[in-house]
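Worksheet: one structure, shown below.
The values are calculated or read from the model by the stated rules, or taken from the named source; none is laboratory data. Everything numeric here is computed off the predicted structure, so don't read it as measured data. A quick note on method: Cβ atoms are made from the backbone with ideal geometry, for glycine too, and the neighbour counts reach across all protein chains shown. Areas reflect the complete protein model, heavy atoms only, side chains present, ligands, DNA and RNA absent. Shrake-Rupley method; radii C 1.70, N 1.55, O 1.52, S 1.80 Å.
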Amino acid sequence: IVFPKAGGGRIEQADAHRKRREYEQAEAIYRSLSLAFPDDPEIWWNILLCEYGIEYIEEGNRRVPTINRMKYDSIYAQTEYQTLISLADGAQKAIYEKAASEIEDLQKRLQEIIANEKEYDVFISFKDKNDETGERTDDSVLAQNIYEALTEAGYRVFFSRITLKRAIAQEFDPKIYAALSRASMMILVGCTKEHI
């Protein structure tokens, strides 16, 4: 990733929002920076990363994109992409084109996953692990009891702890999105205000 030439403090603030998956807040900052620095391709790239909810994870010795916000439009059709490609120099352009190609391929694979995902009667939403200790939450235990009772009663239930057991990391968000959008009902299980 090429680092931006200008707006350092604001870029760091926007990056922090993006890392917390607060894409709207991050995008708003990047867009304000694009008004001040319209010739900086990295700002336009960061806007795209927010629109698609792109985060990179380490997989072996390479960084792999993950999509946290499903869009059905091609990344190549986005005005921001066309703008950054027109502004980038040769080396930057090659980096952006390669990254966009990876995102485009991933997006197509994820759309296939969504199209083939089954429908559910109930989607159970809950906080699985404590952020500090990594231990399973009371929410998760209660949600599993609900899952087991509903499944036993014959309902098709999406419960990520079990339903996503065999999915790879890149498939988590699309499968969750597909299940949530196709479920007839959602049950939110929360034992603390913070988890809700």
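When the distances between all Cα atoms of segment 14-68 are binned every 5 Å from zero, what whole-number percent does each bin get?
5, 22, 27, 21, 14, 7, 3, 1
Would you check the accessible area of SER160, probe 1.4 Å, heavy atoms only, in square angstrom rounded to 10?
Looks like 40 Å² after rounding.
Compute the acute angle (0 to 90°) between the alpha-carbon long axis of helix 23-36 and the principal axis of greatest extent of the alpha-carbon atoms of the chain; round to the nearest 10°.
10
Would you mind calculating the gained length between GLU148 and GLN25 on full extension (0.36 nm times residue separation, minus the Cα-Cα distance), in nm to one decimal? Don't skip to the answer; put the middle values down first.
Details: separation 123, 0.36 × 123 = 44.28 nm, distance 3.80 nm.
Length gained between GLU148 and GLN25: 40.5 nm.
Suppose R0 equals 45 Å; then what is the FRET efficiency for ASP121 and GLU97 from their Cβ-Cβ distance, rounded to the nearest 0.05?
Values: r = 44 Å, r/R0 = 0.97.
Once the sixth-power term is evaluated, E becomes 0.55.
Based on the Cβ-Cβ distance of VAL64 and ILE196, what FRET efficiency does E = 1/(1 + (r/R0)^6) give at R0 = 35 Å, to the nearest 0.05?
The computed FRET efficiency comes out at 0.65.
Counting each DSSP H run of 4 or more residues in the chain as -39500 (n - 2.57), what helix-only mean residue ellipticity at 222 nm follows after dividing by all residues, to the nearest 500 deg cm²/dmol?
After summing the helix terms and dividing by the residues of the chain, the value is -17500 deg cm²/dmol.
For a quick check: with amide H placed at 1.01 Å from N, whose amide H comes under 5 Å from MET186's, ignoring anything fewer than 5 positions away on the same chain?
Those lying under 5 Å, H to H, from MET186 are PHE123.
In terms of the Cα gyration tensor, with a ≥ b ≥ c the square roots of its eigenvalues, is segment 90-135 rounded because a/c is under 1.5, prolate because a/b exceeds b/c, or oblate?
Oblate is the answer for segment 90-135, as a/c is 1.5 or above yet b/c matches or exceeds a/b.
Aspartates and glutamates near LYS175 by alpha-carbon distance under 12 Å, same-chain residues fewer than 8 away left out - which ones?
GLU112, GLU117, GLU119
For segment 46-164, just the Cα atoms, rotate onto the principal axes and tell me the three extents in Å, largest first.
59, 34, 24
Would you kindly state how much longer the chain becomes between ARG109 and GLU12 on full extension, computed as 0.36 nm times their sequence separation minus their alpha carbon distance, in nm to one decimal?
31.8 nm
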